[in-house]
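Laboratory data are not the source of any read-out in this text; all were calculated from the coordinates shown. As the structure is a prediction and not an experimental result, all values here were calculated from the model. Here the Cβ positions follow ideal geometry from the backbone for every residue, glycine too, while neighbour counts run over all protein chains shown.
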Amino acid sequence: MCNKIDVIDIIQQFSTLYPNYHPADIAETADAWLAIVEHVPGDMLKAAALQCSAEPGRAFAPSVGEIMGAVAQLQAKAASLPDAITAWAQINERPSWRAFRCPVAIDLMERYIHPGANVRAILADYGDHLRGCTACHEGTVLPNVHPFVERVARSFGWPERFPGDNPEADRAHFVRVYEQSVKSALAEAAQIPAVTQYIERISAGSAIKSLAEGMKK
């Protein structure tokens, strides 16, 4: 995670890049930043700050909030999260049918093609082996789908019941939910520890418990 030196480096860099940015007390400013960014790896924080600084037409130093937004975007890229259209295309790829064979079955198959092989005996052995082998099986292999896409798609009933017989409506619904899911995931990832701890604390408080108990009545 980042430390005070990382933050001071960024602040000093901003002071060089932006003539109108000169904090009165760099150390005090760094302490204020740390309350928000301390959970972010130092190299990622610096990369996000550079990304914000490289925006065309920027005249003022990026705010901490803008930098945290850039951190969220970097996290999404690091996780290789596809956009909604790509996600929709992934779940619409057709599954494939594959046969999985253990080394013993493969050996029998190789013996089958050898010149002079006792084909009838090998086929009998192969059939007996398949009936008793738990490693040999055949089945449907799902397309290569990003884990996050799969999680959202399965909430719709994919791959058995979704997409259905109304592709346009299914596509619109999936894209909307997927984009909201990505937005929520990035917001959760960017949530600072102090806020997370506060939410956990109040959720365990007596007022919340009383409210929950009252709703059950």
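Quick notes on this structure:
- Between helix 119-132 and the chain: long-axis angle, C-alpha atoms, 0 to 90°, nearest 10: 50 degrees
- The alpha-carbon of Lys46 sits under 13 angstrom from the alpha-carbons of these aspartates and glutamates, leaving out residues fewer than 8 places away in its chain: Asp6, Asp9, Glu38, Glu66.
- Rg over Rh for region 96-141 works out to 1.02, using Cα positions for both radii and the Kirkwood form for Rh.
- Fraction of the pair-distance distribution of region 1-77 above 16 Å, Cα-Cα pairs, percent: 44 percent
- Per-residue Karplus couplings for region 14-21, computed as 6.51 cos²θ - 1.76 cosθ + 1.60 with θ equal to phi - 60°, are listed in order as 4, 5, 7, 6, 10, x, 8, 10 Hz, Gly and Pro entered as x.
- Relative packing of peptides 66-79, 97-110 - highest average C-beta neighbours within 10 Å first: 66-79, 97-110
- Spread over its residues, the convex hull of the C-alpha atoms of region 119-211 is 243 Å³ per residue.
- Computed on the chain, with alpha-carbon pairs under 8 angstrom and 6+ residues apart, the relative contact order is 20 percent.
- Isolated cysteines in the chain, defined as those with no second cysteine Cβ under 4.7 Å, comprise Cys2, Cys52, Cys102.
- Percentage relative contact order, region 96-141, counting C-alpha pairs under 8 Å, at least six apart: 63 percent
- All C-alpha pair distances within region 58-182, sorted into 5 Å bins from zero, spread as 2, 9, 14, 12, 9, 8, 8, 9, 9, 8, 5, 3, 2, 1, 1, 1, 0 percent across the bins.
- Cβ crowding within 10 Å ranks Ile113, Ile26 as Ile113, Ile26, fewest other Cβ atoms first.
- Contour excess over end-to-end distance, with Cα ends at Ser80 and Glu93 and 0.36 nm allotted per residue: 2.8 nm
- P(r) tail fraction, the chain - alpha-carbon pairs more than 31 Å apart, %: 55 percent
- On the beta carbon distance between Ser15 and Ser184, with R0 = 25 Å, the FRET formula returns roughly 0.10.
- Gained length - Val195 relative to Asn144, 0.36 nm times residue gap less alpha-carbon distance: 14.8 nm
- Pairwise label distance in nanometres, Thr29 with Phe60, each label 7 Å out on the Cα-Cβ vector: 1.4 nm
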